[in-house]
1. Only one of (1) touching a Lys or Arg at 6+ places or on another chain (Cβ under 9 Å); (2) touching a residue at least 24 places away in the same chain (Cβ under 8 Å); (3) in the same structural domain as Phe202 (by TED's automatic domain parsing); (4) in a helix (DSSP H, G or I) fails for Ser146. Which number is that?
2. Filter the stretch 197-216 for residues that are in a helix (DSSP H, G or I) and closer than 24 Å to Val98 by Cα and give the result.
3. Just give me the residues in the stretch 286-303 being surrounded by fewer than 20 Cβ atoms within 10 Å (Cβ to Cβ) and not in a loop (DSSP other than H, G, I, E, B), in sequence order.
4. Give the residue, chosen from Ile239, Ile224, Ile187, that is assigned by TED's automatic domain parsing to the domain that holds Leu309 and either without any contact (Cβ under 8 Å) to a residue 12 or more places away in the chain or in contact with a Phe, Trp or Tyr (Cβ under 7 Å, 6 or more places away or on another chain) (or both).
5. Inspect all residues belonging to the stretch 257-278 and state whether any of them is among the aromatic types (Phe, Trp, Tyr), on the phi < 0 side of the Ramachandran plot, surrounded by 15 or more Cβ atoms within 10 Å (Cβ to Cβ) and not assigned by TED's automatic domain parsing to the domain that holds Pro90.
6. Given (1) within 22 Å of Ile280 (Cβ to Cβ); (2) buried (at least 24 other Cβ atoms within 10 Å of the Cβ), identify the lone condition not met by Ser15.
7. Residue under question is Glu44, and the condition is that it be buried (at least 18 other Cβ atoms within 10 Å of the Cβ), out of contact with any Phe, Trp or Tyr (no Cβ under 9 Å at 6 or more places or on another chain) and among the charged types (D, E, K, R); does it hold?
Amino acid sequence: MYKVGVVADLSNNGSIHQSTFLKAVNDAKETLFKEKTDIEFVLENDFASFEGGQNAAQKLIDKNVDCVIGHFSSSAASGALPVYKNKNTPLFLPASTVVNLTQDYNNAFRICSNDKHLTSFIVDYFSRKNNKENLYLYRDNTIHASFLYDLLKERLSNVTELKLDEESEIKENVLYIGTYKSSVYFINELHLKDKYNCNIYFTDDALHPKLVIDTSNISNRIKIFGFDHPLNYKNASEICHRYFKRHQSFPNTYYLETYAGFEIINKLILLGKRLTISAINELSYKTVIGDFKFKKGESEVQHINMWYLENAQLKTILHDKETRFN
């Protein structure tokens with residue numbers, strides 16, 4: 001019998017990405033594990049916090065799980081990883097992007113792009129604008145925001161006139177790093193203070209269709225640096241169309257990365273492997289996000305794009321055509 005821990009912020013009114021995570025879990029159960037009777041999934045709530053991650057990890061360890069998938073929040077993953085490390089329990093990260101997680105813990109396996117990939121994309125975007133302009137950099141108090149802020153602060157200072165946490169009137173461009181909720185709060189506060197006269201840039205956690213509704217009183221000057229549209233994942237055509245048939249929309253951010261984690265677990269089980277760090281490192285994987293072998297805990301897949309709000313729709317450019325989340 002295999003026991004797989006499944007953990008994220010599952011609280012009422014928790015993370016905006018909660019339903020995405022649960023859909024990926026349920027879809028994996030119905031497809032990859034439908035006929036399997038030798039696997040048990042154990043759910044825990046990490047409340048997207050450092051302490052919540054610690055507590056959830058200890059509960060899963062006490063239940064003798066073989067591996068864990070989840071901890072969308074880098075804060076929760078940071079709290080959980082030392083607990084898992086004590087038992088050499090592998091953790092698959094579908095959404096936690098802080099670089100240090102895989103550098104500090106050999107039991108962490110990141111499936112998604114990391115903050116260095118995102119930083120390079122953002123720096124390249126502003127470099128291609130070919131003009132020096134003010135960029136005000138803000139963040140919330142999460143671990144993810146802190147790490148990404150420091151990376152961007154170092155790299156962007158060579159590209160733009162960078163101003164950090166300025167209290168004076170904001171002009172030109174603002175890049176805000178934070179959770180979905182804090183991003184929406186930030187931009188609505190700017191609007192209330194009549195300071196919304198600039199271009200607003202968000203990072204990956206703000207990429208969700210609900211952003212259209214939650215910023216409906218604000219003009220179309222929002223752009224998001226985030227994961228690419230699922231149709232741009234070469235191996236994901238079948239699962240995207242199956243998802244669309246069921247939900248009349250395409251999967252949201254982090255869905256494919258979560259599903260890919262279950263594909264990895266399924267391959268290990270099919271081959272009769274124990275779910276161990278060494279077994280995970282041995283194999284190559286064909287997943288919905290691409291084909292890869294873990295290198296120092298990183299999948300090295302990079303699916304990042306620029307999104308923007310226009311006419312009450314969230315869009316990106318895909319194969320020279322506009323593509324949107326429904």
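The values are calculated or read from the model by the stated rules, or taken from the named source; none is laboratory data. Values in this document were obtained by computation on a predicted structure and should not be read as measured data. With ideal geometry, Cβ positions are generated from the backbone for all residues, glycine too; neighbour counts draw on all protein chains shown.
1. Tallying (1) touching a Lys or Arg at 6+ places or on another chain (Cβ under 9 Å); (2) touching a residue at least 24 places away in the same chain (Cβ under 8 Å); (3) in the same structural domain as Phe202 (by TED's automatic domain parsing); (4) in a helix (DSSP H, G or I), Ser146 fails exactly one: (2).
2. Keep residues of the stretch 197-216 that are in a helix (DSSP H, G or I), which gives 204-206, 211-214.
Passing the criteria: Asp204, Asp205, Ala206, Leu211.
3. Lys286, Gly290, Asp291, Phe292, Lys295
4. Sole residue among the options that is assigned by TED's automatic domain parsing to the domain that holds Leu309 and either without any contact (Cβ under 8 Å) to a residue 12 or more places away in the chain or in contact with a Phe, Trp or Tyr (Cβ under 7 Å, 6 or more places away or on another chain) (or both): Ile224.
5. Filtering the stretch 257-278 for residues among the aromatic types (Phe, Trp, Tyr) gives 259, 262.
Okay, now just the ones that are also on the phi < 0 side of the Ramachandran plot, so 259, 262.
Next, from what is left, pick out any that are surrounded by 15 or more Cβ atoms within 10 Å (Cβ to Cβ): 259, 262.
Then drop every residue that is not not assigned by TED's automatic domain parsing to the domain that holds Pro90, which leaves none.
No, the conditions are met nowhere in the stretch 257-278.
6. The one condition Ser15 does not meet is (1).
7. Numbers: buried (at least 18 other Cβ atoms within 10 Å of the Cβ): yes; out of contact with any Phe, Trp or Tyr (no Cβ under 9 Å at 6 or more places or on another chain): yes; among the charged types (D, E, K, R): yes.
In short, yes.
A quick yes/no check of all residues on (1) out of contact with any strand residue (DSSP E or B) (no Cβ under 9 Å at 6 or more places or on another chain); (2) β-branched (Val, Ile, Thr):
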residue	(1), (2)
Tyr2	no, no
Ala8	no, no
Leu22	no, no
Thr31	yes, yes
Glu35	yes, no
Val65	no, yes
Ile69	no, yes
Ser75	yes, no
